[in-house]
Ligand SMILES: Nc1ncnc2c1ncn2[C@@H]1O[C@H](COP(=O)(O)OP(=O)(O)OP(=O)(O)O)[C@@H](O)[C@H]1O
C-alpha cells in the first residue's frame, strides 16, 4: 500500500466538472439574469481589458478590494434613509493632521481679556485646558488667522461659516470666542461708545462723593437695544444654557448680554432689552426675536454677527422661514454668519449649497461618528423573559444600570452614586406611559415633551445638566430599593438637541430612532466632552435590526454614520 503523492490534485472527473461549472457561470453572467444569486457583485471583463494582463496576485487583491467596497456600499445603501451628507475620509485625515499643531488657546489671536474669560470663567475648574478639535479649527478660521488646517479666508461682503462637530465637543465656545473678540475690537474703535463710557465713569465718580445731590447718570447707551451679536437657538432651555455661558464670559470681557425666551415674561423682556442700558449680545429663539424686531426694526439694525446654533433644526421646514427672515433683516450690517450643528443632514447640505455657495465649511475629523467611548448594548424585547413587553425591558435596563452603580464603591463608604438616565422615545404619548410605568415600580421618573410647561421643562432638565456627583446611602436587599439610585427623564427629541447633559452617563433608546441624525443626537447626551457613556437600545419585532447592527458596527469601528 503506497499513498498517492497526487492526493491534493483534482481528479479527471473533478477537473471536467470545474471547467463545466466555470463555463456555465460565464454564460449565466452574460444572460439577463446574470448577477443574480451571486455571493459578491463580480466584474465581467471584456476580452482585451487591461486588467486581464495583471498578475494573478494583483487580480486577487483587486477583486478582494472590489468585493469589500461593493459589499459596504450595498450595506450602506440598505439603511438609514441616507440622511447625512458624506465627508470624504481624505478630507478628515487632512484636518486631523492640521489640528495636531494646536495645543493651547494662547495660540489664537484672541484679546487677553477674552483669553482670561475662557480660562477663568467658561472653563473654570478644569485643569490642562486644551482647545477641542472644533475649537482648534474654527477659532482661527473665524478670526481670519492662518493656523491649523484652514487658511485665511477672503473678506468681502459678509462671510459665512458652517461649524459642524460631534455632540458635546465645545461648539459654543468655538463660535463665541471669535464673535466676542470682534465685538470688543469694534467697540474699541467706536468713538461714540468710548465717549459715553468716559462720561459715565466721570458721572459715577461724582455720584460716589457724599456731597453729590444730583440725578444719577441715565444717558442712553449708544448701542441701546441695538445688539451687535445675535445667537439663535431653537428652545427656551438652550437660550438659558447658551445665555449662561455668554454671561459667564461677560464679567471679564466686559460686555452686556441678554436672553430672550418665552420662559422670561414679556415685561422682563421689554424692561431688559429696551432699557437705557446697552446690549451687545442677545441669545434668543427666532420667533420671539422676530416678533420684537417687528415692533422695533432698529433692534436688528447694527448686527455684525449672526450665529445660528443647532442649524439643522433652525434651517428645517418649521423654523427656516423665520430664521431666514431674521437673516435678511440683519444682512445690511452683517460681517459674519455662523451656522453651527452636530450633523449635516442632506437637506441642510443642499440648502446651504444653493443659498450660500461660498460658505466656509469647517468640519471635524470625527463628524457623524458616535465616539468609541460610548458603548451600546441591545436588549431584544422579542425574546424571553420580555415577550414583547418593552416596558419591562426598559425597567430591566434601568435595573442593570442601578446594580452596576450600586456595585461601584464610591469615595464615601456605605454610599452609592446616583445615576441620571435619559430614556428617549419617538412619540410624545409614550413619554407619559413609560414614566408612569417606571414610577409605579418605584423609579424616580418624569416625562418631558412639548406639552410640558416651559418653566417646568427647565427645572426637570437642570437636574441632568449638573456636573456634580450625587450619592445616596447604599441600598440593600430588595429590587425596589435598588432602583432608588437612578433618576430618569423620559423624553422625546425635544431634550436631545444641544442640551449639555453633563450629569448623564446612560441613555436608553426605548424606540429605535427614525434616522441616523436622531441616533447621533440622542446618544450624544451621554459621554460629553471626552467622558465615557453607555447607550442601551430596546429592539422589538417591528424594528430594523440591520440598521441597529450597522450603527453598532460603525460605533465599534469609529466610522461615520451616513
Ligand atoms: N476646551 C474644552 N475643554 C474642556 N471642556 C470644554 C472645552 N470646551 C467646552 N468644554 C465643555 O464641554 C461641554 C460641551 O460643550 P458644548 O455645549 O459647547 O458642546 P456642543 O458641541 O455645543 O454640543 P451639542 O452638539 O450637543 O450642542 C460644556 O460643558 C463645556 O463647558
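Protection proxy ranking, highest mean first, for peptides 305-316, 376-387, 550-561: 305-316, 550-561, 376-387, where packing is the per-residue count of other beta-carbon atoms within 10 Å, averaged. Could you estimate the translational diffusion coefficient of the range 374-557 from the Stokes-Einstein equation, with Rh from the Kirkwood formula over C-alpha pairs, at 37 °C and 0.692 mPa s, in whole µm²/s? Calculated translational D: 198 µm²/s. Going from the fewest other Cβ atoms within 10 Å to the most, the residues 326, 139 appear in the order 326, 139. Remark: 136, 301 ranked as 301, 136, counting other beta-carbon atoms within 10 Å and listing the fewest first. In terms of its C-alpha gyration tensor, the range 105-232 comes out prolate, because a/c is 1.5 or above and the ratio a/b outweighs b/c.
Computed packing ranks the peptides 106-115, 492-501 as 492-501, 106-115, most packed first, by mean other Cβ atoms within 10 Å.
Treating each Cα of the range 288-350 as one equal point scatterer and applying the Debye formula with no solvent, the log10 of I(q)/I(0) at q = 0.13, 0.14, 0.26, 0.27 Å⁻¹ comes out as -0.36, -0.42, -1.15, -1.20.
Counting neighbouring beta carbons within 10 Å and listing from fewest to most, the residues 373, 419, 456 come out as 456, 373, 419.
Bear in mind that the values in this text are calculations on the coordinates, not laboratory data. Owing to the predicted nature of the structure, the values given are computational and were not obtained by experimental measurement. Backbone-built Cβ (ideal geometry, glycine too); neighbour counts: all protein chains shown.
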